[in-house]
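One structure is given here, and the rest of the page talks about it.
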């Protein structure tokens, strides 16, 4: 794969990290169960999406967790990170195959329901994401 394609895939995963963080942070706090669910879903589903590795030889899908952790460390706002994801999506729609969209939705739902089910703010964000993907 061309280096530019590899970079785009890394960016895709980084922006998915933003999305999943925005979902987890929608209620203004990230719970341990949400982080555990994200780690589980990345390991069980996202690692199989492609064979691309980052510059350190690690599967690029781990970019999702790295970005999530960084955003958590700096306590970024949910709305801000979701809007960054949305802008990336609009500029790179071709990266979002039906398989990626489906997995992004199911991962977002899994994170939202990981801690005592989905709350209103998480459901609103999931609705926004579904509308975005349906455009």
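The values are calculated or read from the model by the stated rules, or taken from the named source; none is laboratory data. What you see is a predicted model; the values in this text were computed from it and never measured. Note that we place each Cβ from the backbone using ideal geometry, even for glycine, and neighbour counts take in every protein chain shown.
For region 56-70, indicate whether the set of residues that are closer than 17 Å to residue 14 by Cβ, part of a helix (DSSP H, G or I), at pLDDT 95 or above and over 12 Å from the mean Cα position of the chain (by Cα) is non-empty. Yes.
Every listed requirement among (1) in a helix (DSSP H, G or I); (2) on the phi > 0 side of the Ramachandran plot is met by residue 75 save one, (1). Among the residues of region 107-117, those identified as assigned to a helix (DSSP H, G or I) and in contact (Cβ under 8 Å) with a residue 24 or more places away in the chain are 107, 108, 110, 111, 112.
The condition of being within 23 Å of residue 7 (Cβ to Cβ), surrounded by fewer than 16 Cβ atoms within 10 Å (Cβ to Cβ) and in contact (Cβ under 8 Å) with a residue 40 or more places away in the chain holds for only one of 76, 93, 99, that being 99. If the condition is being without any contact (Cβ under 8 Å) to a residue 60 or more places away in the chain and within 13 Å of the chain's Cα centre (by Cα), then region 1-39 contributes 10, 13, 14, 17, 25, 35, 39.
Any idea which of 53, 36 is out of contact with any helix residue (DSSP H, G or I) (no Cβ under 8 Å at 6 or more places or on another chain) and within 25 Å of residue 5 (Cβ to Cβ)? Within the list 53, 36, the selection yields 53. Here residue 81 clears all of (1) surrounded by fewer than 17 Cβ atoms within 10 Å (Cβ to Cβ); (2) within 12 Å of the chain's Cα centre (by Cα); (3) within 19 Å of residue 123 (Cβ to Cβ) except the condition numbered (1).
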